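Everything on this sheet refers to the single structure shown next.
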Amino acid sequence: MQEKAYAKINLCLDVVGKRADGYHDLNTVMQTVDLYDTLSFQIRESNEKRIHITSDQIDLPADESNLVYKAADLFMQWTGLCLDISIHIDKNIPIAAGLGGGSSDAGCTLRVLNEFAGEPMDLPSLSARSKVIGADVPFAVYGGTALVSGIGEFVTPIYMKEDMWLVLVTPNISVSTKGVFKRFVPDHNPSQMKIDYVVKALELGDASLLGQNLFNKLETVTVKDYPLIGAIKELLVHNGALGSVMSGSGPSVFGLFKSSEEAQTVHKGVMERLGHTCRTFCIKTVKRSSV
């Protein structure tokens, strides 16, 4: 059995404040896009719990530190099932790039195991429990479009009228999410109105309104550290993007375009301009029903 685990982007991201436990509360709109890893599953009932993870990426951990392994192990704990689970991960989503690749793989694993088991858990329960795996996993369980808050555990699906076309650029640089949050300084500028406009734009299918309201508060740290990210944003806007913003803590950046034709043209030009310094994708949004 093969399943697609779709990447996510943040259409907007506000850091509300730091919690007593050291984590940060966020308000963000997350969106699934059609850049995906492919997970191949072999699952059978067994007298002994077994989890075997392999990947086409030799540097991807296959032990308990892998989020897919954690998801499989926790699912068996939650349900009391004893399964022999083998999962092969073909990676296409750039790793540690602000695209939630590992979380997407974990969310996909939970959905597949839940379906195999006859759906002992409904989607809200599966999503709520998955927060112990990682902050982006509750959204990954749902997929589609959603307003996400807290440290990622509160997920409210949003209706999206039209698919949107994007050019995604991932520079070949490594960004520490923990380091970005550690150095983030709140600016206290209210962002709720922009978030409301993002939601409204999605519901109306208004790409122009969406482009005008894309934002990410973490750019104040990451773009300062890595000027290339700011340069990529400028390049996308200069080539006709309705708006451009960094996803998550970076380094990935995407630009929003009016049509697939325009996105494909810009994608080709950006690839030629940036060469091997970045990975570049022409992608579109994915609705929850397709996940």
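Data for the structure
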quantity	calculated
Listing of helices (runs of 4 or more DSSP H) fully contained in segment 80-181 that carry 2 or more residues being more than 21 Å from K287 (Cβ to Cβ)	101-116, 123-129
Residue within segment 185-197 that is at pLDDT 95 or above, surrounded by fewer than 22 Cβ atoms within 10 Å (Cβ to Cβ), more than 27 Å from L126 (Cβ to Cβ) and not basic (K, R) present	yes
Residue that is at pLDDT 95 or above and of a type in the set (A, V, I, L, M), where the choices are L126, L60	L126
Lone qualifier among D206, D225, D196, D122 - being assigned by TED's automatic domain parsing to the domain that holds L11, on the phi < 0 side of the Ramachandran plot and either under 16 Å from the mean Cα position of the chain (by Cα) or free of Cβ contacts under 8 Å to residues at least 60 places away in the same chain (or both)	D122
Cross-chain or 6+ apart pairs with Cβ under 7 Å, segment 67-90 first and crowded, with 19+ Cβ neighbours inside 10 Å, then modelled with pLDDT under 95 and among the hydroxyl-bearing types (S, T, Y)	L83/S46
Members of segment 107-143 found to be over 16 Å from F41 (Cβ atoms) and touching a Pro at 6+ places or on another chain (Cβ under 8 Å), listed by number	S127, A128, S130, K131, Y142
Top-ranked residue in segment 247-282 [being among the small types (G, A, S) and in a loop (DSSP other than H, G, I, E, B); ranked as nearest to S174 (Cα to Cα)]	G250
Inter-residue pairs, beta-carbon under 8 Å, first free of Cβ contacts under 8 Å to residues at least 12 places away in the same chain and over 15 Å from A207 (Cα atoms) and in segment 250-262, second among the basic types (K, R) and assigned to a strand (DSSP E or B), 6+ apart	none
Subset of segment 182-209 (residues that are part of a loop (DSSP other than H, G, I, E, B) and of a type in the set (S, T, N, Q))	N189, S191
Residue within segment 211-226 that is under 25 Å from I95 (Cβ atoms) and among the acidic types (D, E) present	yes
Among (1) under 30 Å from E162 (Cα atoms); (2) out of contact with any strand residue (DSSP E or B) (no Cβ under 7 Å at 6 or more places or on another chain) - the single one D34 does not satisfy	(2)
Number of the condition not met by T54 [criteria: (1) under 29 Å from S174 (Cα atoms); (2) in a loop (DSSP other than H, G, I, E, B); (3) polar (S, T, N, Q)]	(2)
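Conditions tested, residue by residue: (1) under 17 Å from Y6 (Cβ atoms); (2) outside the structural domain of S40 (by TED's automatic domain parsing); (3) of a type in the set (K, R); (4) touching a Phe, Trp or Tyr at 6+ places or on another chain (Cβ under 9 Å).
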site	(1), (2), (3), (4)
I95	yes, no, no, no
D105	yes, no, no, no
C108	yes, no, no, yes
F116	no, no, no, yes
S127	yes, no, no, yes
K131	no, no, yes, no
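The values are calculated or read from the model by the stated rules, or taken from the named source; none is laboratory data. The structure presented is a predicted model; accordingly, all values stated were derived computationally and were not measured. Positions of Cβ are generated from backbone atoms using ideal geometry, with glycine treated the same way; all protein chains shown enter the neighbour counts.
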